[in-house]
Amino acid sequence: MNKKILVTGGLGYIGSHTVVELQKAGYTVLIVDNLSNSNIKILDQIERITGIRPEFINFDLCDDILVYKLAKENSDIENIIHFAAYKAVGESVSLPLKYYQNNLYPLINLLQAFSDRKLNLVFSSSCTVYGTPDVLPVTENSPVKKAESPYGNTKQICEEILSDTSKANENIKIISLRYFNPIGAHESGLIGELPLGIPSCLGPLITQTAIGKRKVFTVFGEDYDTLDGTCIRDYVHIVDLARAHLLAMKRIENENTREKYEIINIGTGKGTSVLQAINAFENATGVKLNYSIGARRPGDVEKIWADATLAEKLLSFKAEHSLKDMMSSAWKWEKYLKENPM
């Protein structure tokens, strides 16, 4: 197989791991990334892992003229996995317009530019669309509630755009993957989460503190209605999540979709508190973490985890990596970065 696929944001955390899985499966990958929250050196790392250097174009998908040019010059592309978006919940609260512009325009531009052909699209959505759920675990039929952050709202709006577009365009098939909290790194230790500035996600906050980049890790809140007072999330290994994108694209290509627009949760089906995650890191690595308890962070949901039944049924997907695997691989990546700064 030599099928070409466009991966937007393909040098980012989830994107880069998905590119590895796609190339292993025989896809020819074209990455578009503006490097606003990624690093060009990841292109070399992907090549080291797979032996194949994906094609790369550096531009901003908010530029509709360049997106139309991309579509015209790649008439053979019928598959797209769309990651490119900002994702920091806290930052979106303080900079909402930045998130609305960057997370909505690229999707609209892609849908318009590629509307002249058959199109298979896998969209990077989020469990944030469920807001604060009334019932746990969350299923795909759980109500989409008012978002707790502008970031979450952009995912809700994008899903509405995709739903409406699928009804209006007979040539498009879409799967939105609502995934929970990715963590960990590739087993090679050559790619992983690489946040710019202060991390917003748990993995790099823990590993950067453990390795000495940060003096202390702040746990945001200890007064939630949970087993230990800290937030609960469904942490899923990044390689498992990347594999889910490959399976979703295969489902569309094989014409196995029941509807033109499908929504599938991707998680482990198990909730883990922040303090439990810290303990798992310490047990997996033998490194004691210096952390303190701080105030709640705006936009954070108290507790959420997935019902992953549908993913297993439709995609034959089941998370294979443990929390220990997540922490061990994240630590391996952090140690690699110490010796090989990017």
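Some points to look at:
- Here residue 261 qualifies as among the aromatic types (Phe, Trp, Tyr), surrounded by fewer than 22 Cβ atoms within 10 Å (Cβ to Cβ) and under 30 Å from residue 5 (Cβ atoms).
- Taken over segment 218-272, the residue count meeting the criterion of being out of contact with any helix residue (DSSP H, G or I) (no Cβ under 9 Å at 6 or more places or on another chain) and small (Gly, Ala, Ser) is 1.
- Those residues of segment 203-243 which are within 16 Å of residue 126 (Cα to Cα) and modelled with pLDDT under 95, in sequence order: none
- Residue list for segment 167-188, filter: crowded, with 20+ Cβ neighbours inside 10 Å and over 21 Å from residue 91 (Cα atoms): 172, 173, 174, 175, 176, 177, 184, 185, 186
- Restricting segment 233-261 to residues that are among the basic types (Lys, Arg) and in a helix (DSSP H, G or I), the residue that is nearest to residue 9 (Cα to Cα) is 243.
- In segment 20-66, the residues that are among the hydroxyl-bearing types (Ser, Thr, Tyr) and surrounded by 19 or more Cβ atoms within 10 Å (Cβ to Cβ): 27, 38
- When residues of segment 118-137 are limited to those that are touching a strand residue (DSSP E or B) at 6+ places or on another chain (Cβ under 9 Å) and assigned to a loop (DSSP other than H, G, I, E, B), the one farthest from residue 71 (Cα to Cα): 136
- Residue that is nearest to residue 155 (Cα to Cα) [pool: residues in segment 90-107 that are hydrophobic (A, V, I, L, M, F, W, C) and in a helix (DSSP H, G or I)]: 104
- Criterion applied to 176, 166 was being at negative phi, of a type outside the set (A, V, I, L, M, F, W, C) and outside any helix (DSSP H, G or I), and the one residue passing it is 176.
- Segment 34-51 residues that are at pLDDT 95 or above, paired with ones that are of a type outside the set (A, V, I, L, M) and exposed (fewer than 13 other Cβ atoms within 10 Å of the Cβ) (beta carbon under 7 Å, 6 or more apart): 34/58; 35/58
- Residue selected from segment 236-255 under the condition in contact with a Leu (Cβ under 8 Å, 6 or more places away or on another chain) and not hydrophobic (A, V, I, L, M, F, W, C), by the criterion surrounded by the fewest Cβ atoms within 10 Å (Cβ to Cβ): 251
- Identity of the residue in segment 67-89, free of Cβ contacts under 8 Å to residues at least 60 places away in the same chain and surrounded by fewer than 16 Cβ atoms within 10 Å (Cβ to Cβ), that ends up nearest to residue 249 (Cα to Cα): 75
- Residue that is nearest to residue 262 (Cα to Cα) [pool: residues in segment 138-163 that are part of a loop (DSSP other than H, G, I, E, B) and hydrophobic (A, V, I, L, M, F, W, C)]: 144
- Number of positions in segment 189-205 that are more than 17 Å from residue 290 (Cα to Cα) and either in a helix (DSSP H, G or I) or in contact with a Ser or Thr (Cβ under 9 Å, 6 or more places away or on another chain) (or both): 6
- Unique residue being crowded, with 18+ Cβ neighbours inside 10 Å, under 20 Å from the mean Cα position of the chain (by Cα) and among the aliphatic types (A, V, I, L, M) when the list is 284, 280, 306: 306
- Some residue of segment 308-318 being under 18 Å from residue 186 (Cα atoms) and among the basic types (Lys, Arg): yes
The values are calculated or read from the model by the stated rules, or taken from the named source; none is laboratory data. Since this is a predicted model, take the numbers as computed values, not measurements. Note: ideal-geometry Cβ built from the backbone for every residue, glycine included; neighbour counts use all protein chains shown.
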